[in-house]
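Below you'll find the structure, written out as structure tokens, and then a few comments.
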Amino acid sequence: MEDLASFYINEECVRTSVSPAEHDRLLADGWRHFGQQFFRYNLALYENEIRLVVPLRIRLLDFRPAQSQERIRRKNSDVEVSVGPVNLSDEVLDLFERHKQRFKQHTPENIFTFIAERPEDEPCATFQQTLRIGERIVGVGFFDAGDRSVSAIYTAFDPDETRRSLGVFTILKEIEFAVENGMEFYYLGYSYSGRSFYDYKKRFHGTEAFEWNGAWMPVPREF
């Protein structure tokens, strides 16, 4: 436990405004944020084990979709995707309430755990990706954009549409947005060492892992 204590990182701060360049630097140092709360930590309890937290990003020059990801893209060819300002409509709030029921542990209280209640209170440029089939919203993804980086914040989708793999589809569309806007990195958020619920984040070509010494290293893609 003494070795873990000497290695332990647990930092947080509140920032009301962050420039695009500074946002890039924070992401590159393992930070994330929900609303105005910025944080980074390198150890967490997962399934009664202390796990190393592993921030992930994709180096976009090295990204190419895998065959399975192309299948997901084709499966959702009927989904209309739009990107714009954050708009937490009643339909989006209802979607989140249904989405969170899929969690067996660590169930979020509400969407404001991740997004400021007023969009103007977000400390950096934040966008909402909205997925529709016809007039019905089936998914939403929230992400930030800096100078050279796009960072995923949270994704919610209709649990009745699980077969569509909308979580992966949303990542692919956010990567597409990042590439179209000349970005260098797409940040996927955190995962854990060993097997976990978040292993789907490791299945993208070009993925790198933060090693908490300031270095980002390539991660072999997991199938």
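What follows draws every value from the coordinates through simple rules; no lab data is involved. Computed from a predicted structure; not experimentally measured. No Cβ is skipped: glycine too gets one built from the backbone with ideal geometry, and neighbour counts run over all protein chains shown.
Could you work out the helix-only [θ] at 222 nm for the chain, with each DSSP H run of four or more residues adding -39,500 (n - 2.57) and the total divided by the number of residues, to the nearest 500 deg cm²/dmol?
Working: 5 runs with 49 residues, N = 223.
When only DSSP H runs of four or more count, the value is -6500 deg cm²/dmol.
Given a cut-off of under 8 Å on Cα pairs at least six residues apart, what relative contact order in percent is computed for the stretch 2-218?
Working: 375 pairs, mean separation 63.3, N = 217.
About 29 percent, as a whole number.
Pick from Tyr198, Tyr154, Tyr41: which is most flexible by mean-square fluctuation in a GNM of the chain where alpha carbon atoms under 10 Å apart are linked?
Tyr198
Which of rounded, prolate, oblate describes the stretch 1-64, given a ≥ b ≥ c as roots of the alpha-carbon gyration tensor eigenvalues and a/c under 1.5 marking rounded, otherwise prolate only if a/b is larger than b/c? Working shown, then result.
Working: a/c = 2.30, a/b = 1.35, b/c = 1.70.
Oblate is the answer for the stretch 1-64, as a/c is 1.5 or above yet b/c matches or exceeds a/b.
Say each of Glu49 and Gln101 gets a label point 7 Å from the Cα, pointing the same way as Cα to Cβ; how far apart are those two points in nm?
Output for this residue pair reads 3.2 nm.
Please state the shape class of the stretch 117-187: rounded when a/c is under 1.5, otherwise prolate if a/b exceeds b/c and oblate if not, all from the C-alpha gyration tensor.
Working: a/c = 2.36, a/b = 1.45, b/c = 1.63.
Here the stretch 117-187 falls in the oblate category.
Can you sort Phe127, Phe210 from fewest to most other Cβ atoms within 10 Å of each residue's own Cβ? Mind showing how you got there, number by number?
On the way: Phe127 18, Phe210 22.
Lowest to highest Cβ neighbour count: Phe127, Phe210.
Going by how many other Cβ atoms sit within 10 Å of their own, how do Ile133, Ile171, Ile9 line up, fewest first? Don't skip to the end; give the middle numbers.
Details: Ile133 15, Ile171 24, Ile9 11.
Fewest-to-most Cβ neighbours within 10 Å comes out as Ile9, Ile133, Ile171.
Considering the chain as a Gaussian network with a 10 Å cut-off on Cα pairs, which listed residue, Arg195, Arg59, Arg25, attains the greatest mean-square fluctuation?
For the chain, modelled as a Gaussian network with Cα springs under 10 Å, the answer is Arg195.
Using the Cα centre of the chain as origin and beta-carbon charges of +1 (Lys, Arg) and -1 (Asp, Glu), tell me which of Tyr198, Ala21, Trp212 is placed farthest towards the positive end of the dipole.
Tyr198
Would you work out the Kirkwood radius for the stretch 2-218? I mean one over the mean of 1/r across all pairs of different Cα atoms, in Å.
Details: mean 1/r = 0.0556 Å⁻¹.
Final number for the Kirkwood radius of the stretch 2-218 is 18.0 Å.
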